[in-house]
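Since the structure comes first, as structure tokens, the remarks are kept for the end.
Each reported figure results from applying straightforward, stated rules to the coordinates on display, with no laboratory input. All of these numbers come straight from a predicted model, not from anything done at the bench. Positions of Cβ are backbone-derived with ideal geometry, glycine not excepted, and every protein chain shown enters the neighbour counts.
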Amino acid sequence: MKLAVYKLCKTFFVFALVLNGLSVLAQTDTIVKKQRKVDSLMLDNPKYYLMLDGMVYQSAVSENGKQKALDSVMIRVLNETDFTMDKRFTKKGRCAIKLPLGKKYTIEFSKKGYVSKIIGVNTIVPRYDTFVSVFPFDIDLFREEPELDVAVLSEPIAKINFNNFNKTFDYDYNYTVKVNNNIKKLYAEYYRLQKLKKEKK
């Protein structure tokens, strides 16, 4: 009799543990789903975004020359997450690009007679860091030169993403170091060609 009661109690105990485990799993699943819903609402909320506040210049014709604001530059914003495209133009060199959080973008700056440049922007942030951030930047475009090899500009000249250490958006410095040497060589060759053109006049 005692053995039968013991087995019955043991069965009920195991059954209770299974029910409790299922309850915990259900609660966890509900919490995860709610958190994902909150994250989605926050990231899609127009109140949370990255604002790129920039100036576009015409490149100087020499290393020590002066730049000037470049008007009517076309800016194409490709949303790599949703595969959508947006287009706008600079006014007196000034541009403001509002990018919702949680997405990846490729931004191209172009103007007829000038060599285009692109930058990459990743606005994916930890869910506890949803806010409005303003990121100032400058970029310059130089005139097309038939003898200048601009293959390096087929890739982004810079990448911007969220820095978890500083809790803000910043340049990807590892990428910058990687491409900086090629960019310097490109400009050195551009200045050389500009100097030759000036001497021939």
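Once the chain from N180 to L196 is taken as fully extended at 0.36 nm per residue, the excess over their C-alpha distance is 3.3 nm.
Around the amide H of F135, modelled in the peptide plane, lie the amide H atoms of M51, L52, D53, all under 5 Å away and 5 or more residues distant in sequence or on another chain. For the residue pairs K87/K198; K68/K198; K47/K159; K92/K159; K66/K112, alpha carbon separations beyond 30 Å are given by K87/K198.
Count neighbours as other Cβ atoms within 10 Å of each site's Cβ, and list the GluC sites (Glu not before Pro) in region 54-118 that are DSSP loop with at most 15 such neighbours. In loop regions of region 54-118 (DSSP not H, G, I, E or B), the sparsely surrounded GluC sites (Glu not before Pro) are E63, E80. If the chain linking M85 and I124 were pulled fully straight, counting 0.36 nm for each residue of separation and taking away their Cα-Cα distance, it would gain 12.2 nm. Scattering from the C-alpha atoms of region 47-175 alone, worked out with Debye: what is log10 I(q)/I(0) at q = 0.12, 0.17, 0.18 1/Å? Log10 of I(q)/I(0), two decimals: -0.48, -0.92, -1.02. Here the 3J(HN,Hα) profile of region 105-122, calculated from phi with Karplus coefficients 6.51, -1.76 and 1.60 at θ = phi - 60°, is 10, 10, 10, 10, 10, 8, 7, 4, x, 10, 7, 6, 9, 10, 10, x, 10, 10 Hz, Gly and Pro shown as x.
Amide H contacts under 5 Å for Y114: E144, restricted to partners 5 or more places along the chain or on a different chain, H placed in the peptide plane at 1.01 Å from N.
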